[in-house]
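Just below is one structure, and these are the notes that go with it.
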Amino acid sequence: MILVLHLLYRMYRFITWSTFWIKRRFTIAGQAMIGGLIVALFTGLDAESAVGYQAFMPLFVLMGVSLLFGFGFKTGFRVERHLPRVATAGQPITYRISVKNLTRKNQLGLTLMEDLVDPRPTFKQWKAYKLDEDKHVRPFRFDRRNFRSPFKMANVKETNVPRLNPQQENDLSIELKPLRRGVVNFTGITFARPDPMGIYRALRKQCLPQSLLVLPKRYAIPPIALPGSMKYQQGGVAMASNIGQSEEFVSLRDYRRGDPPRHIHWRSWARIGKPIVKEFEDEFFVRHALVLDTFTTRPHSEAFEEAVSVAASFACTVLTQESLLDLLFVGSEAFCFTSGRGIAHADQMLEILASVQPANGHEFELLEHLVMNHAGTVSGCICVMLDWDETRKRFIEKLRSYGLPVLVLVIRTLGDKRPLDPGPMADAPDQFLALEVGRIEEQLARLK
């Protein structure tokens, strides 16, 4: 079995490499000529037919001449890439590349192509993905999404370079479409020049490493009344955010037994001669927990990516000047990030979600323990679940036993029509919603 998989993996790498090489090296006319050569070659195998041979030889000679003219060309360019700070998955962006001709010759007929890091997976990644697909993809069902590579980060269009005179600089507009969240890594730029017949292209590469962060896709969420009310937060926003205590205080007062030493105002003590402490303002405000379930055996599945997108949509919707949002999830370890009320912005939360990975090697109880530790300070919970098994039902039941309002969103694979037992959410059907991959935005619109 392993030997067969190794053979299939090498075939996969060879086919993807040859496809990439042909598209880079040959123009559209050249690719059509390759197709004609293959057809003529198989037709010419019939000894009784001379048509295939007569078609093959002129095409073969023409291709050979094109290859002779396409060995290379001399270039000298100064190139600068001007990327935006971030992009969003699925939304095309346009950025600028400045190209200056440093040679003494006019540069004509060039095409600029971006070089990205090789997206092909390792054998271990490829094997895990293929075995998982064989388990879950329905036979004889055509779905265009099944043919998309889960490892490719972006598509970048080729751009024609206008005529560049010696020492002339020009700005090119490049269109890039991020296919998924994460980091798009650029390695360099390739200039291509076709031969006089417009069949084969000579290439010259220029190293220009750079990266672009791609944020998760977001969905429009209707105005909803999120569960929960204001809660007392000892020490105000700074204490509630778990990032340390604020140096701002409401007033000074005499030291009382039990006051923490870190509240002592040392300058006042030195001036007055007795212990003085800072008194912090206690506040009441709304604080929600956004719980993201990252426990899945299918790390490259659309369901996992959609769960991250739903969490990102709520992160953008919930954040206001009057509330806090705790993002709770498990990756390599348990994480809690707080935003709102000037502590952090929605963009920072989205940047965190852009890098979220499945919780490999951890149990769901780790997420449960993390959430329960914060249950006493939050006003309500928004839970984005990847499954609705007994473990997750018990988790939600435990949350509700604390008296916390809970909104549960369960991500389901495309075509999964099995009815979901609401379990602990049976008495709150408006706060329990199943979201099917491919219909997420349509179903989110049902929220009230």
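The values are calculated or read from the model by the stated rules, or taken from the named source; none is laboratory data. Please read these numbers as outputs of a predicted model, since none were measured by experiment. Counting neighbours? That spans all protein chains shown, and the Cβs are built from the backbone with ideal geometry, glycine included.
From 417, 398, 393, grab the single residue that is of a type in the set (Lys, Arg), surrounded by 15 or more Cβ atoms within 10 Å (Cβ to Cβ), more than 23 Å from residue 220 (Cα to Cα) and out of contact with any Pro (no Cβ under 8 Å at 6 or more places or on another chain).
The conditions single out 398.
Quick check: anything in the stretch 398-419 of a type in the set (Asp, Glu) and within 23 Å of the chain's Cα centre (by Cα)? Don't jump to the end; show me each part of the working.
Going residue by residue through the stretch 398-419, those that are of a type in the set (Asp, Glu) are 416.
Adding the requirement that they be within 23 Å of the chain's Cα centre (by Cα) leaves none.
The answer is no; no qualifying residue exists.
Which residue, of 130, 100, is surrounded by fewer than 17 Cβ atoms within 10 Å (Cβ to Cβ) and assigned to a strand (DSSP E or B)?
On inspection, the qualifying residue turns out to be 100.
Hey, can you tell me all the residues within the stretch 82-130 that are under 15 Å from residue 171 (Cα atoms) and among the aromatic types (Phe, Trp, Tyr)?
Matches in the stretch 82-130: 95 only.
Among the residues of the stretch 417-433, is any at negative phi and in a strand (DSSP E or B)?
yes
Go through the residues of the stretch 424-443 one by one and say whether even a single one is closer than 18 Å to residue 365 by Cβ, in the same structural domain as residue 307 (by TED's automatic domain parsing) and surrounded by 15 or more Cβ atoms within 10 Å (Cβ to Cβ).
Going residue by residue through the stretch 424-443, those that are closer than 18 Å to residue 365 by Cβ are 424.
Applying the additional criterion that residues be in the same structural domain as residue 307 (by TED's automatic domain parsing) yields 424.
Applying the additional criterion that residues be surrounded by 15 or more Cβ atoms within 10 Å (Cβ to Cβ) yields 424.
Looking for residues that are closer than 18 Å to residue 365 by Cβ, in the same structural domain as residue 307 (by TED's automatic domain parsing) and surrounded by 15 or more Cβ atoms within 10 Å (Cβ to Cβ), one finds at least one in the stretch 424-443, hence yes.
Does residue 369 satisfy the criteria of being surrounded by fewer than 19 Cβ atoms within 10 Å (Cβ to Cβ), touching a strand residue (DSSP E or B) at 6+ places or on another chain (Cβ under 9 Å) and in a loop (DSSP other than H, G, I, E, B)?
Against the criterion (surrounded by fewer than 19 Cβ atoms within 10 Å (Cβ to Cβ), touching a strand residue (DSSP E or B) at 6+ places or on another chain (Cβ under 9 Å) and in a loop (DSSP other than H, G, I, E, B)), residue 369 does not qualify.
Do we find a residue being touching a helix residue (DSSP H, G or I) at 6+ places or on another chain (Cβ under 8 Å) and of a type in the set (A, V, I, L, M, F, W, C) anywhere in the stretch 389-398?
Yes; the residues of the stretch 389-398 include at least one that is touching a helix residue (DSSP H, G or I) at 6+ places or on another chain (Cβ under 8 Å) and of a type in the set (A, V, I, L, M, F, W, C).
Looking only at the stretch 87-116, how many residues end up being within 20 Å of residue 213 (Cα to Cα) and of a type in the set (Val, Ile, Thr)?
Of the residues in the stretch 87-116, 4 are within 20 Å of residue 213 (Cα to Cα) and of a type in the set (Val, Ile, Thr).
Given (1) of a type in the set (Val, Ile, Thr); (2) in contact with an Asp or Glu (Cβ under 7 Å, 6 or more places away or on another chain); (3) part of a loop (DSSP other than H, G, I, E, B), identify the lone condition not met by residue 356.
(2)
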